[in-house]
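Only one structure is covered here, and it is reproduced in the block below.
The values are calculated or read from the model by the stated rules, or taken from the named source; none is laboratory data. Predicted model, so just to flag it, every value in this text is computed and none were measured. Note that we place each Cβ from the backbone using ideal geometry, even for glycine, and neighbour counts take in every protein chain shown. Ligands, DNA and RNA are stripped out before the accessible areas are found, and what is left, the full protein with its side chains, is counted by its heavy atoms. Shrake-Rupley method; radii C 1.70, N 1.55, O 1.52, S 1.80 Å.
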Amino acid sequence: MYTKIRWSLQLFGAALALILLAAGVWTFNLILVGAAVASAFLAGRVFCGWMCPVGAWCDHVLAKLARNRSARRFSPGTGRLFAACFIGTFLYLAYTGLLGRGLPFVLMGTTLVLVTAVGLLWGPRTWCGQLCPWGALAGLAARLAPYQLFTASDCRQCGRCVRACPVGGALEAGSPGSWADGSCIRCLLCLEACPTRSVVLEPVR
Ligand code: SF4
Ligand code: SF4
């Protein structure tokens, strides 16, 4: 139902990133990060699921190459530690000016290599759900969003939502009222997979 809209927006996001890059706007990735975190304050990580160029790479390229399509779940501490190290290294390099104008390219290149390696090893969207430093920031903002994704009381505990989830189960099946955690990229595949329409994205009362 939402696939065509999501794919169109992902194409738009990737095209926008390439145009900004071609125009020499080296800070474009920070603009995308800002958009991801700002939108997460409203409805969670919608940018990650619907517009991020890296997500488009995962969904349209890695998904075709990766053997294992369900994402790996690391412990929450592992993801946070990785995000802190990644952001810390980035800030250190920016502060010291060691890489000069090459910094955005190193950042983009490193990210793409890591996303691809992780995606091929453990599932295309493993990076987005578990390791992406910017996604981790957006995940924190998502906790404050007035709109949350959760399971309603008529859930039959069939587990289809978890199996459909590209980040490996951000929603706890069979646990009515529980919110999707910070790894949820709001792709709404679980909502489409649920036979009883028990997955809802609604304002929190
Ligand atoms: S797919 Fe729907 S009914 Fe099945 S476990 Fe998930 S929320 Fe419950
Ligand atoms: S919980 Fe649902 S919306 Fe969130 S990432 Fe998983 S499938 Fe997508």
Count of region 115-161 residues which are open to solvent by less than 50 Å² (accessible area, probe 1.4 Å) and within 10 Å of ligand 1 (Cβ to nearest atom): 6
Yes/no for T151 being polar (S, T, N, Q), farther than 27 Å from P195 by Cα and free of Cβ contacts under 8 Å to residues at least 60 places away in the same chain: no
Positions within region 89-114 being open to solvent by 40 Å² or more (accessible area, probe 1.4 Å) and under 22 Å from Q130 (Cα atoms), in sequence order: T89, L91, V106, M108, T110, L112, V113, L114
Qualifying position, being in contact with a Cys (Cβ under 7 Å, 6 or more places away or on another chain) and more than 14 Å from ligand 2 (Cβ to nearest atom), among A36, A56: A36
Name the helices (runs of 4 or more DSSP H) wholly inside region 1-76 in which the number of residues that are under 24 Å from V162 (Cα atoms), out of contact with any Lys or Arg (no Cβ under 8 Å at 6 or more places or on another chain) and at pLDDT below 90 is 2 or more. 3-22
For region 39-73, enumerate the residues that are among the aromatic types (F, W, Y) and open to solvent by less than 40 Å² (accessible area, probe 1.4 Å). F47, W50
Taking the condition touching a residue at least 12 places away in the same chain (Cβ under 8 Å), within 15 Å of ligand 2 (Cβ to nearest atom) and not in a loop (DSSP other than H, G, I, E, B), does G169 pass? no
Unmet criterion (only one of (1) without any contact (Cβ under 8 Å) to a residue 40 or more places away in the chain; (2) under 17 Å from R72 (Cβ atoms)) for C158: (2)
Within region 178-202, count every residue that is within 12 Å of ligand 1 (Cβ to nearest atom), part of a loop (DSSP other than H, G, I, E, B) and open to solvent by 50 Å² or more (accessible area, probe 1.4 Å). 2
Criterion first (farther than 18 Å from R80 by Cα, in contact (Cβ under 8 Å) with a residue 60 or more places away in the chain, touching a helix residue (DSSP H, G or I) at 6+ places or on another chain (Cβ under 8 Å) and among the charged types (D, E, K, R)) does R163 satisfy it? yes
